[in-house]
1. Please work out the FRET efficiency for the pair LEU263 and ASN19, using the Cβ-Cβ distance as r and a Förster radius of 51 Å; give the result to the nearest 0.05.
2. Show me the three semi-axes of the equivalent ellipsoid for the chain, from the C-alpha gyration tensor (sqrt of 5 times each eigenvalue), largest first, rounded to whole Å.
3. Can you tell me the FRET efficiency between CYS286 and ILE67 if r is taken as the Cβ-Cβ distance and R0 is 51 Å, rounded to the nearest 0.05?
4. Roughly what would the spin-label model give for HIS392 and ILE117, points 7 Å off Cα along C-beta, in nm?
5. Have a look at region 102-371 and give its Rg and Dmax from the Cα atoms, expressed in angstrom.
6. Once every DSSP H run of n ≥ 4 in the chain is given -39500 (n - 2.57) and the sum is divided by its residues, what mean residue ellipticity at 222 nm do you get, rounded to the nearest 500 deg cm²/dmol?
7. Would you mind working out the accessible area per residue for the chain, using a 1.4 Å probe, and quoting it in Å²?
8. I'd like to know how region 163-258 sits against the 2.2 N^0.38 Å rule of thumb: what's its Cα Rg over that expected value?
Amino acid sequence: MGSLPLDTLHLLDPDVLANESRVVVDFIADYYRDIEQLPVRSQVEPGYLSKRLPDSAPYLPHSIDAILEDIREDIIPGLTHWQSPNFYAYFQANASTAGFLGEMLCSGLNVVGFSWISSPAATELEGIVMDWMGKMLKLPSSFLFSGGQGGGGVLHGSTCEAVVCTLAAARDRALGKIGADGITKLVVYASDQTHFTVQKASKLIGIPPSNFRAIPTTAASGYALTPDSVRSTMEADIAKGLLPLYLCATVGTTAVGAVDPLLELGKVANEYGVWYHIDAAYAGICPECRHHFDGVELADSFSMNPHNCFLTNVDCCCLWVRSPAALVDSLSTGPEILKNKASDAKLVVDYKDWQIALSRHFRAMKLWVVIRRHGVANLMEHVRSDVAMAKHFERLVAMDRRFDVVVPVPRKFALGCFRLKPRFQGDDASELNRRLLEVVNSSRQAFFHTMVAGIFVIRLATGATLTEMRHVEAT
């Protein structure tokens, strides 16, 4: 039970902040020291926490020590440890000391940079960092503020936000030509490997679910979209009186790391006048992989997530657009309370008009700290190391005749898929691999995920910051 302190409660006292922050940092450091000993996947049952915590808020304050003790005893057991060196599920969401320090600075300064005047440095640092990232990825100058062609970038929390915003811009551009009643005719295109966030975003901006096309892919194309399949699907829709609106291509699909042919798809997109977005959430900066971006100059927008493989703690998504005016036209608001000379004269960027919400986190500080603290050279080596570990795991699996490597580890992405072969004729391969996956995940020692592309397989995604080759070999 809490107790009222004898002295006045200091809500933002610098000395209290320093002292209690040290306690929290020590707690987090101890967590990372011990993380390898914790079960990777949480072992709790649904509803466990309501049995441990009170059903009403405390009336009097608790000490930070008491709160941390409850986190240790009640919260930690209910976490799946994404930063565990034996976490191989879903997707990479790696962290770093620099990312943590950048996040501390974001929270500590606690500015709300929705417009330039609300915090000029927040807006201007974001523009600089987005140009840094664009140059690291060797994006065309048409996507950069410094390119002088009208393009620019913004930091969002996730790919879903980026896709919602670009879809809204594409929708409004189209409806401006055909009228608001035409929304039921608009069609969005992606592959059956594209992240489901595109389908979710389509629903959010009012596209009828029946107008979303998840175009099938096959192993023959490496699970990538083909220009012919996109063109034939668009032609079939046009024949029905529908209007192609938006095409999403992917560099590194979540499930298998498939890379869509950007140049060829871009030509199709331009032919049919659709908004062409590239989701490169897994994108790396290594020059040996830059050829995967050939054709990016044809895109209207491009996004990637530093919180996947760039040592930037969640959340952080980069979105570049060739025509920011399309975003602003769709997303801007101009209430009297936000008016100011710099904005009215269009001398500055107001990021509130580049996103869904009004308020925004100072993510540029976090990404800036990460880039400066590690440098481009170390960020590249981190990506290469993750891919090397996935390749090593693939070699170990390939040496075991009981397994098939179903989807080889791509050169650029640290993931691959494999399956256990049936021992006897008539054995159900999918059921066999489901059982194997559950045994491994229940062992507390590792956590894998699955994907289904006609067959049930087990999927490994390396990328946790603490993962070393010894963890891959033990797994």
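1. Step by step, r from the Cβ atoms, then E = 0.35.
2. Semi-axis lengths for the chain are 36, 34, 21 Å.
3. So the FRET efficiency works out to roughly 0.75.
4. In this crude label model, HIS392 to ILE117 measures out at 5.6 nm.
5. For region 102-371, the Cα radius of gyration and maximum Cα-Cα distance read 18.3, 57 Å.
6. Helices in the chain give a 222 nm mean residue ellipticity of -12000 deg cm²/dmol.
7. Per-residue value: 48 Å².
8. Rg over 2.2 N^0.38 Å, computed on Cα atoms: 1.07.
The values are calculated or read from the model by the stated rules, or taken from the named source; none is laboratory data. The structure displayed is predicted, hence computed values, not measured ones. Note that we place each Cβ from the backbone using ideal geometry, even for glycine, and neighbour counts take in every protein chain shown. For the accessible areas, the whole protein counts, side chains as well, though only heavy atoms, and no ligand, DNA or RNA atoms are used. Shrake-Rupley method; radii C 1.70, N 1.55, O 1.52, S 1.80 Å.
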